[in-house]
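The values are calculated or read from the model by the stated rules, or taken from the named source; none is laboratory data. Bear in mind the structure is a predicted one, so any value in this text is a computation, not a measurement. Counting neighbours? That spans all protein chains shown, and the Cβs are built from the backbone with ideal geometry, glycine included. When the accessible area is computed, the model is the full protein with side chains, heavy atoms only, and any ligands, DNA or RNA have been set aside. Shrake-Rupley method; radii C 1.70, N 1.55, O 1.52, S 1.80 Å.
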Amino acid sequence: ISRATATTVRCGCFLDLIPLAVSTRISVAGFWGLPSISADDPAFPALGYWRGFVWGPMAMLTYWGLDEYRSVPSAAQARKSLTVQMNAMMLKQWNDHGFICENYGPHKNTSRCTGQSFYHWGALTGFLSLVEEGYWLQPPT
C-alpha cells in the first residue's frame, strides 16, 4: 500500500477505495500477504531491500489502519485475510527453520528468510493474529 493509499485509509477519505487498495496487495495468488510494492509494479521483479519484500512493521501499520474501519465489510475482510496470510508466512519459516525473519520473500515458494533470520520486528507478522483474536489489550485474568 502506497503512502498515499495508507493516508487515505487512515483519514477515512474515499472509503469506497478500500477494496481496491488492499485486494491487489493481500489476495494475489502465489504471494504472501503484503509485498512492499505491488506485484504488477515494473520494479517488483528486481526485489531490492525495501522493494517488494514483506515487512512486519508495514503489516502492523496496515492492520491498524484497516481496524479503524472494522465496520466496513471489505476492510474487515481485508484485515482478517492479512492476519491469516501473515501468520501462515511467519509459521512456515518458524516450523521449517526456526526463523523469525527480518523480512520475508513475497513469493509463497520462498524457502528462506530474505533478511536476517532472527529479527525482532519480524514477529509482528504473527503478533497480528494475537491482536485479531483479542489476546492483546485484554486485562490479565
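Listing for the model above:
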| read-out | value |
| --- | --- |
| Placed amide H near HIS107: partners under 5 Å, 5+ positions off or other chain | TRP32 |
| Accessible carbon and sulfur surface of the stretch 68-141 relative to its total accessible area, %, 1.4 Å | 56 |
| Integer Hz, Karplus 6.51/-1.76/1.60 couplings in order for the stretch 53-63, x for Gly and Pro | 6, 9, 10, x, x, 5, 5, 5, 4, 5, 4 |
| Protection proxy ranking of 38-50, 90-102, 120-132 - average other beta-carbon atoms within 10 Å, highest first | 120-132, 90-102, 38-50 |
| In nm, spacing of pseudo-spin labels at TRP50 and ASP96 (7 Å Cα→C-beta vector) | 2.7 |
| Dipole magnitude of the stretch 29-141, debye to nearest 20 (Cβ charges: Lys/Arg +1, Asp/Glu -1, about Cα centre) | 140 |
| With 5 Å bins from 0: P(r) over the stretch 56-141, alpha-carbon pairs, percent | 3, 15, 24, 23, 16, 12, 6, 2, 0 |
